[in-house]
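See below for the structure under consideration.
The values are calculated or read from the model by the stated rules, or taken from the named source; none is laboratory data. Since the structure is predicted, the reported quantities are computational estimates derived from the model, not experimental observations. Glycine gets a Cβ as well: all are built from the backbone with ideal geometry, and neighbour counts include every protein chain shown. The protein model used for the area step is the full one, side chains on, heavy atoms only, and it has no ligands, DNA or RNA in it. Shrake-Rupley method; radii C 1.70, N 1.55, O 1.52, S 1.80 Å.
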Amino acid sequence: MTLVQLTQIKRWLFLHGRRHPLELCAWDMVLTAWVIGWVALPALLLIHEWALLPLCPAGFLLPGFYASWRVRLHRSGRLRCDWLTAL
């Protein structure tokens, strides 16, 4: 998932957040995990916490996995995802 796509989804949720407060909160948590993954990588390398390093790529990849999961649920008809138009 590109930074432009992340921004487009965030902008859509910012504009429509009153109607989708839970989705806005969920996306904020996904973006928080993404930022923590990027920030934690150099810190973990500096303090030699090798056991926690696999969590960083999980944080990097979480927005893409979350978006693809939502697309799959939307296409199967189990969950409506209005922000797909932002992509």
With the structure loaded, tell me whether Ser68 is of a type in the set (Gly, Ala, Ser), under 16 Å from Thr2 (Cβ atoms) and open to solvent by 50 Å² or more (accessible area, probe 1.4 Å) or whether it fails that test.
yes
When you check Cys81 against the structure, is it more than 18 Å from Met1 (Cβ to Cβ) and open to solvent by less than 70 Å² (accessible area, probe 1.4 Å), yes or no?
no
When the residues of region 36-59 are filtered to those that are closer than 18 Å to Leu3 by Cβ and out of contact with any Gly (no Cβ under 8 Å at 6 or more places or on another chain), which remaining residue is surrounded by the fewest Cβ atoms within 10 Å (Cβ to Cβ)?
Val39
If only one of Ala26, Ala43, Ala33 is small (Gly, Ala, Ser) and touching a Leu at 6+ places or on another chain (Cβ under 9 Å), which one is it?
Ala33
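One line per residue, one yes/no per condition, for (1) at pLDDT 95 or above; (2) touching a helix residue (DSSP H, G or I) at 6+ places or on another chain (Cβ under 6 Å); (3) closer than 24 Å to Thr85 by Cα; (4) of a type in the set (Gly, Ala, Ser):
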position	(1), (2), (3), (4)
Met1	no, yes, yes, no
Thr7	no, no, yes, no
Lys10	no, no, yes, no
His20	no, no, yes, no
Ala26	no, no, yes, yes
Glu49	no, no, no, no
Pro54	no, no, no, no
Pro57	no, no, no, no
Across region 1-14, what is the total count of residues that are free of Cβ contacts under 8 Å to residues at least 12 places away in the same chain and surrounded by 11 or more Cβ atoms within 10 Å (Cβ to Cβ)?
1
Based on this model, can you work out whether Leu62 counts as surrounded by 15 or more Cβ atoms within 10 Å (Cβ to Cβ) and in contact (Cβ under 8 Å) with a residue 24 or more places away in the chain?
yes
